[in-house]
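Undergrad: Let me begin by handing over the structure; questions about it come next.
Rule-based calculations on the coordinates, nothing more; no lab input. None of the values given here were measured: they were computed from a predicted structure. Reconstructed Cβ throughout: ideal geometry from the backbone, glycine too, with neighbour counts over all protein chains shown.
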Amino acid sequence: MTRRLKGASSADTRSAILDLIRSSGQVSRIELSEKSGLTEATISKIVRALIVDGLVVEAGFAESTGGKRPVLLELNTASRYALGVSLDYARISLVLCNISGNVLHSHAVPGAGRSKPQTVIDRVAREIGKFLDKHGIDRSDVIGIGVSGAGRLDASGGVLRSSRQTGEWEEFAIEAALCEATGMPVILENDANCAALGEFWSGRVSTAHDFATIYMATGIGCGLVINGDVYRGASSNAGEIGHLSLDIDGPECFCGSHGCLEVMATPAAVVRNARDDRALWERLGLQEREGEDVRTSFATIAAAAMSGDESAESLVRRSAQYVATAVLGLTNIFDLDRIYLAGPGFATAGPIYLGVVRDVLERTAFMRKVHSVAVEMGETGPGAAARGAASVVLHSHLTPHHLRG
Ligand SMILES: [Zn+2]
């Protein structure tokens, strides 16, 4: 399904045709004409310009349907690159993607920790320089740098505010600082939106589908892709499913509310609950450490749950029940038919979360008799947010018609 393009501006038409080529994999000019509603002459003109710009190449012939075999077009994946950076407390990941959103190279360096923002940004800029040199990538071929981080965005889109470990990051303009340090365009986006756009750009989801990606790392967020773009809300902060209150009498959350999904279900919550079960705590060899080690402890509990430790499994299932309850609310509000679970929080015990969320939606989604809701695993590797951040660059620079739509 494609929105007809007649009456769109020429820049938007070009952007939409490039997006059709991207999402088709390989496509002929005739098919582009049919899908877009534009004449073959117009398509030929746009395609010629895209080929001259090096964004599209001819790639063999389609099967003949009677006459001449039509020439197939595809993205020229070697033409440009996008860099993705996930700026995380415990680990910073860098990835270099081609314009199809596929990861060509990746690299991880120590996280931001408690260092001053400018120190971290200068270090990231140096790492980016070394990373590009190592792989022989010319900076002029890099479209831009996408940065993924947890937390709220400032209205200007440049500042991450009030995530748990922010401190001095509160008033720090990440986009401007990294742009200054690298000389490249920078776009900041929250990790959940990055993960959602990563799924979309890499072609796992067609433009016809609206979907949500639930992203769990230290916190839990959600990226909503509606009509081929992330739904941003009034200040680019839509999708804060982590601060959906599930128990008004529950524990206080740092956001000011009570019983938020983040307090009830994150890795930190599971580790906190495990601490109350001394037998489990000692059996798994968990230790009293805070901050960056929560993920290690959570991974240990998740692995035990997966290998049949009943106490560990019941803790993870409890977390999954809260995630499922929040996803149920989201699904009912937006009438979604597709959900992805992504991010390192789902890396080990993903199958347990997947099973519980599917079960809850099958039994209780309001629209279950009208349509089913597909729940699938998204990317859970440590580079998932960085790859998504690179997709954000591609999405906003190569196909900006989505943003204006
Ligand atoms: Zn909260």
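Undergrad: Would it be correct to say that Val393 is out of contact with any Lys or Arg (no Cβ under 8 Å at 6 or more places or on another chain) and free of Cβ contacts under 8 Å to residues at least 24 places away in the same chain? Spell out the reasoning first.
TA: Details: out of contact with any Lys or Arg (no Cβ under 8 Å at 6 or more places or on another chain): yes; free of Cβ contacts under 8 Å to residues at least 24 places away in the same chain: no.
So Val393 does not fit the description; no.
Undergrad: In region 223-264, which residues are outside any loop (DSSP other than H, G, I, E, B) and of a type in the set (A, V, I, L, M)? I'd like the intermediate steps shown before the answer.
TA: Residues of region 223-264 outside any loop (DSSP other than H, G, I, E, B): 223-226, 229-230, 241-243, 245, 252, 258, 260-264.
Of everything in region 223-264, those that are outside any loop (DSSP other than H, G, I, E, B) and of a type in the set (A, V, I, L, M) turn out to be Leu224, Val225, Ile226, Val230, Ile241, Leu261, Val263, Met264.
Undergrad: Here's a follow-up. Please go through (1) closer than 25 Å to Ile226 by Cβ; (2) more than 16 Å from the ligand (Cβ to nearest atom); (3) touching a residue at least 24 places away in the same chain (Cβ under 8 Å) for Val316 and return the number of the only condition it doesn't satisfy.
TA: (1)
Undergrad: Would you check which residues across region 361-389 are surrounded by 18 or more Cβ atoms within 10 Å (Cβ to Cβ) and within 14 Å of Arg338 (Cα to Cα) and list them? Walk me through it before giving the result.
TA: Taking region 361-389 as the starting set, the residues that turn out to be surrounded by 18 or more Cβ atoms within 10 Å (Cβ to Cβ) are 361, 365, 373, 375, 378-380, 382-389.
Scanning region 361-389 gives Leu361, Ala365, Val373, Val375, Gly378.
Undergrad: Strands (runs of 3 or more DSSP E) wholly in region 1-115 with at least 2 residues that are in contact with a strand residue (DSSP E or B) (Cβ under 6 Å, 6 or more places away or on another chain) and in contact (Cβ under 8 Å) with a residue 40 or more places away in the chain - which ones?
TA: The qualifying strands (runs of 3 or more DSSP E) are 71-75, 81-87, 91-98, 103-110.
Undergrad: In the list Ile339, Ile301, which residue meets the criterion of being in contact (Cβ under 8 Å) with a residue 60 or more places away in the chain, more than 12 Å from the ligand (Cβ to nearest atom) and surrounded by 19 or more Cβ atoms within 10 Å (Cβ to Cβ)? Please lay out each step first, then the result.
TA: On the way: Ile301 fails: in contact (Cβ under 8 Å) with a residue 60 or more places away in the chain.
Answer to the check: Ile339.
Undergrad: Which residues, counting only those in region 256-290, are within 11 Å of the ligand (Cβ to nearest atom) and either among the β-branched types (Val, Ile, Thr) or free of Cβ contacts under 8 Å to residues at least 60 places away in the same chain (or both)?
TA: Result: Gly256, Ser257, His258, Gly259, Cys260, Glu262, Val263, Met264, Thr266.
Undergrad: Does Arg80 satisfy the criteria of being under 30 Å from Leu32 (Cα atoms), among the basic types (Lys, Arg) and surrounded by 15 or more Cβ atoms within 10 Å (Cβ to Cβ)?
TA: Values: under 30 Å from Leu32 (Cα atoms): yes; among the basic types (Lys, Arg): yes; surrounded by 15 or more Cβ atoms within 10 Å (Cβ to Cβ): yes.
Judged against the criteria, Arg80 is a match.
Residue-wise test of (1) part of a loop (DSSP other than H, G, I, E, B); (2) more than 15 Å from Ile301 (Cβ to Cβ).
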{"residue": "Val316", "(1), (2)": "no, no"}
{"residue": "Ser319", "(1), (2)": "no, no"}
{"residue": "Ala324", "(1), (2)": "no, yes"}
{"residue": "Leu328", "(1), (2)": "no, yes"}
{"residue": "Thr331", "(1), (2)": "no, yes"}
{"residue": "Tyr340", "(1), (2)": "no, yes"}
{"residue": "Ile352", "(1), (2)": "no, no"}
{"residue": "Arg358", "(1), (2)": "no, yes"}
{"residue": "Arg368", "(1), (2)": "yes, yes"}
